[in-house]
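Working notes, beginning with the structure itself.
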Amino acid sequence: MEQPASLLSLYYFPPVNWFAALANAPAVHLEQHEHYVKGSYRNRCHIAAVNGVQRLTIPLRKGKNQQQPIREVRIAYDEPWQMQHWRAICSAYGNSPFFEHYAGLFEPYFKAEKYELLWDWNYDLLMVSMKILKLKMPIFLTEKYEHQPEQLLDLRSEFHPKELIQSSDYEPIRYPQVFEDRLGFLENLSVLDLIFCAGRINI
């Protein structure tokens, strides 16, 4: 039986296990008709800093984001979060094996680009990450919201920063990490960790 396409929510530099699900799917549908969920990966990611896991959160414009359609959620620029995030990324991965190879592909988004919508920002960064990892499966956008899609593998609720739900046969992808000698191996950090530490590893 042919494997169904996967249905995923779009995140800010998604975690490694999200990319593993994407890489193992024949095609991917990104959910663009859901509502924003507070405290999710939609506007945050986790990187490995010298003292442990560091959370990077994109500030959003004030309002009832929890009830907003995800395509309408707007980024706030009251503080220089882009500069702060890029400095944190450089501090965490400046000495990693592949930082010099790929940092230049991400840097313009933090130093020049200013996106109004969170969805557009996340989507463009996803495309850059997929290009680096040589992931070429078809990407589609949902046409409507379905609570129980019949022909897709629904993974929209599989990935959460606090309550990770994952299949019993999932095995964390292991690769050398910058601070592994002092922190041990940290599972399912942002895809940035994978890219800068391991390059184009097969996931």
Going through the range 37-50 in order, the residues found to be of a type outside the set (Lys, Arg) and surrounded by fewer than 21 Cβ atoms within 10 Å (Cβ to Cβ) are VAL37, GLY39, SER40, HIS46, ALA49, VAL50
message = Would you confirm, using the coordinates I've provided, whether ARG55 is in contact with a Pro (Cβ under 9 Å, 6 or more places away or on another chain) and of a type in the set (Lys, Arg)?
response = yes
Per the filter on the range 44-95, residues hydroxyl-bearing (Ser, Thr, Tyr) and within 15 Å of the chain's Cα centre (by Cα) are THR57
Of the residues that make up the range 131-154, is at least one within 15 Å of the chain's Cα centre (by Cα), surrounded by 10 or more Cβ atoms within 10 Å (Cβ to Cβ) and not hydrophobic (A, V, I, L, M, F, W, C)?
yes
With criteria (1) closer than 21 Å to SER6 by Cβ; (2) charged (D, E, K, R); (3) at pLDDT 90 or above, ASP181 comes up short on (1)
Residues of the range 55-98 being under 14 Å from ASP193 (Cβ atoms), in contact with a Phe, Trp or Tyr (Cβ under 6 Å, 6 or more places away or on another chain) and either surrounded by fewer than 19 Cβ atoms within 10 Å (Cβ to Cβ) or basic (Lys, Arg) (or both), in sequence order, are PHE98
If we ask which residues in the range 172-191 are crowded, with 16+ Cβ neighbours inside 10 Å and outside any loop (DSSP other than H, G, I, E, B), their number turns out to be 2
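How do the strands (runs of 3 or more DSSP E) wholly within the range 1-77 filter down when requiring 3 or more residues that are under 20 Å from GLU150 (Cβ atoms), at pLDDT 95 or above and touching a strand residue (DSSP E or B) at 6+ places or on another chain (Cβ under 8 Å): which remain?
Strands (runs of 3 or more DSSP E) meeting the threshold: 5-8, 28-30.
The values are calculated or read from the model by the stated rules, or taken from the named source; none is laboratory data. Note that this is a predicted model, so its numbers are computed, not measured. Backbone-built Cβ (ideal geometry, glycine too); neighbour counts: all protein chains shown.
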